[in-house]
Amino acid sequence: MRTIIIDSDNASVELLKKILDENCPDVKVVSEAFSIDSGANSLGRYRCDFIFLDTLLNDGSGFSLIPLTTQLGIKVIITSESDKFAIRAFRSNAIYYLLKPFDYAELKKAVKIAGSNTGSEQPYFLKSLVPLLPPLQAIKNKIFLRTEFNIYLLDIKDIILIETGRGHSRFFLNGQPHVDIPLNIDKYENSLLRSGFIRPDRAHLVNSDYINRFDITGGAFIVMKDKTRIPVTARNI
């Protein structure tokens with residue numbers, strides 16, 4: 001197999017070449033690049049099966065090269081010192097996400113997947129992604145929820161309400177089973193409030209689109225369209 005390494009750090013390039021030489025003898029590095037421009041030149045000049053693409057290059061984001069790799073039908077293994085680009089890598093149809101410093105076993109697994117011709121590498125990418133994802137991550141109008149065995153990509157508009165506390169949160173969804181994650185979502189409250197949620201008490205976040213009415217007889221309650229009643233604490237009235 002033929003590969004190109006695109007990475008702004010020369011030491012990382014040399015280390016990756018050494019690891020490949022010692023552990024993946026069927027992989028030939030045909031070119032190295034350190035920027036978007038030089039990476040594009042290498043992709044246009046050299047035939048390769050897949051590339052190692054760092055997220056941060058000398059002249060910008062490595063993701064700028066994704067349209068070209070897609071056009072050329074070249075598989076992409078994303079490399080990075082941080083896990084914060086994992087979601088973007090998934091959306092870019094990368095086949096694997098490798099954190100630096102490289103784990104030899106993970107590297108060999110990524111190369112094996114790059115050499116497969118199944119056309120269904122994304123499930124393998126998801127497996128590489130699971131340890132990197134926080135239990136919850138909001139992006140625009142969607143939210144990622146990670147459980148032990150699944151990654152859910154939900155439209156925020158489909159979340160009816162969230163029960164949270166004691167290190168766990170339960171998401172009640174429109175027309176779908178609820179989802180539990182091992183996380184109290186307090187630090188994500190502001191992003192959800194900006195999406196039309198309200199917090200009537202410490203234990204709930206409620207999507208205002210699913211509220212039927214406010215009941216102020218004998219206390220204060222939010223009555224949901226499905227008739228669920230959520231108490232409103234004095235400080236939130």
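The values are calculated or read from the model by the stated rules, or taken from the named source; none is laboratory data. Here the structure is a predicted model, which is why all the values come from computation and not from measurement. All Cβ positions, glycine included, derive from the backbone under ideal geometry; neighbour counts span all protein chains shown.
Does the stretch 1-15 hold any residues that are buried (at least 21 other Cβ atoms within 10 Å of the Cβ) and either among the β-branched types (Val, Ile, Thr) or modelled with pLDDT under 95 (or both), and which are they? Of everything in the stretch 1-15, those that are buried (at least 21 other Cβ atoms within 10 Å of the Cβ) and either among the β-branched types (Val, Ile, Thr) or modelled with pLDDT under 95 (or both) turn out to be 3, 4, 5, 6.
Within the stretch 156-192, the set of residues being in contact (Cβ under 8 Å) with a residue 40 or more places away in the chain, exposed (fewer than 15 other Cβ atoms within 10 Å of the Cβ) and under 17 Å from residue 142 (Cα atoms) comprises just one member, 157.
So that you can scan it fast, the table gives a plain yes or no per residue for (1) of a type in the set (D, E, K, R); (2) closer than 17 Å to residue 224 by Cα; (3) at pLDDT below 85:
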residue	(1), (2), (3)
148	yes, no, yes
160	no, yes, no
164	no, no, no
170	yes, yes, no
173	no, yes, no
180	yes, no, no
185	no, no, yes
196	no, yes, no
201	yes, yes, no
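Residues of the stretch 216-230 that are surrounded by 12 or more Cβ atoms within 10 Å (Cβ to Cβ) and either in contact with a helix residue (DSSP H, G or I) (Cβ under 7 Å, 6 or more places away or on another chain) or modelled with pLDDT of 90 or more (or both): 221, 222, 223, 224, 225, 228, 230.
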